[in-house]
Amino acid sequence: MKKILVPTDFSTQAENALKVAAQLAKKHNCEIHLLHVLEIPLHKVDAISSYNDLPEAIYFMKLAHKQFEEFKDKDYLKVPNYT
């Protein structure tokens with residue numbers, strides 16, 4: 001095992017799954033790939049539209065990015081520095 005894929009919706013249960021993945025990754029010296037799928041209705045945005053849906057899409061993308069950064073900053077994901 002070299003890579004572990006962890007889907008997340010940023011819930012408590014998803015964080016618990018990430019903690020288990022972190023334990024496995026440390027034990028087996030492998031990478032964790034965190035995945036969040038964000039459904040954005042960009043099909044409504046085209047060259048003719050007024051781009052009313054675009055600000056909402058950007059908001060949700062920024063929110064997901066912020067949540068990713070918070071998840072990535074968890075202590076149990078940090079690799080110890082033995083230098």
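The values are calculated or read from the model by the stated rules, or taken from the named source; none is laboratory data. These numbers were taken from a predicted model, which means no experiment stands behind them.
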| Residue list for region 58-83, restricted to those being aliphatic (A, V, I, L, M) and at pLDDT 75 or above | ILE58, MET61, LEU63, ALA64, LEU77
| said: Whether any residue in region 25-43 is at pLDDT 90 or above and of a type in the set (Gly, Ala, Ser) is what I want to check. | reply: yes
